[in-house]
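What follows is a set of notes on a single structure, which appears directly below.
The numbers here are math on the coordinates, done by the rules we state, and not lab data. Owing to the predicted nature of the structure, the values given are computational and were not obtained by experimental measurement. Glycine gets a Cβ as well: all are built from the backbone with ideal geometry, and neighbour counts include every protein chain shown.
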Amino acid sequence: MYISRVEMDRYNRPKMKQLNHLGAFHSWVEESFPEEIEKKTRSRKLWRIDSLNGKEYLLIISESKPSLEKMERFGIEGTAQTKDYTPFLERLEEGQELRFRLKANPTKALSQEGKRGRVVPLSKDEDLMEYLMERAEKNGFSLQLEDFLIVEKGYEEFSKAGQRKIKLRKAVYEGKLTITNIEDFRNTLIHGLGKKKAYGFGLMTVIPSR
């Protein structure tokens, strides 16, 4: 596994004008793996846009190395970098306390007798907090309500050619967790949490808690 990032060229207006919805970001990510395009294969990837010290970065978790040149299509030249993620994953242990950041697409399926429940976005803070609490155990970690926050929420726009734009609910969580099942937790870091992973949701990153 690899973790890669590039600083976005936010002050280049012609470039940024093309990144006007999640589908454009998704295409940028996919095009950063030209070998897959050539072979007509597609591996699963996680990505999100992060803000840090006034700069914005595209962050990608992938099975293979991306092309740094392709990553810099909408990034600043010389800022793309990638490294092996596996050694970090292998150092994680059950019982370890970590700081985390997660961008999720919080939804809930409404129960309907005899039918598949209609999926609706969550909006209230208590529902957004409950969304993550309910998914912690099966994703290999434990949480306490007082140990994490919603630092951002709203909607992201997604559209395909010839279709109207769709708004996808987003919530960005930050806080502290404890690993309870190392295999499930590694799987979460590699494969993501929740829905709409192809469109910038579900990527959890962690660092050791101080």
* Under Karplus coefficients 6.51, -1.76 and 1.60, residue-wise ³J(HN,Hα) of the range 79-88 in Hz, glycine/proline x -> 9, 6, 8, 9, 8, 5, 8, 4, x, 5
* Structure fact -> Scalar couplings 3J(HN,Hα) for the range 13-20 by Karplus 6.51 cos²θ - 1.76 cosθ + 1.60 (θ = phi - 60°), nearest whole Hz, x for Gly and Pro, are 4, x, 5, 5, 4, 7, 9, 9
* Asked: What's the center-to-center distance, using Cα atoms, between the range 53-92 and the range 115-152 in Å?
  -> 28 Å
* Once you put a point 7 Å from the Cα of Asp50 and another 7 Å from the Cα of Glu174, both along the Cβ direction, what distance in nm separates them? -> 1.1 nm
* Please sort through the DSSP H helices of the chain and keep those with an alpha-carbon extent of at least 15 Å along the long axis and a Kyte-Doolittle average not below -1.0. => 125-136
* Leu92 versus Lys195: modelled label distance in nm, points set 7 Å from Cα along the beta carbon direction -> 2.4 nm
* log₁₀ of I(q)/I(0) at q = 0.13, 0.15, 0.19 Å⁻¹ - the range 94-210, Debye sum with one point per alpha carbon -> -0.53, -0.69, -1.03
* For Lys195, residues with placed amide H under 5 Å, excluding near neighbours -> Asn105
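Name the trypsin sites (Lys or Arg not before Pro) in the range 120-196 that are in a loop by DSSP and that have at most 16 other C-beta atoms within 10 Å, would you?
Answer by residue number: Lys124, Lys160, Arg164, Lys165, Lys195.
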* With 10 Å bins from zero, work out the P(r) of the chain over every alpha carbon pair and list the percent per bin. => 8, 32, 36, 21, 4, 0
* Zone of Ser43's modelled label, taken as backbone nitrogen in the range 49-90 under 14 Å from a point 7 Å along Cα→Cβ -> 60-68, 82-87
* Structure fact -> Out of Asn53, Thr180, Gly75 - ranked by how far each Cα lies towards the positive end of the dipole of the chain, with unit charges on the beta-carbon of charged residues - the top one is Gly75
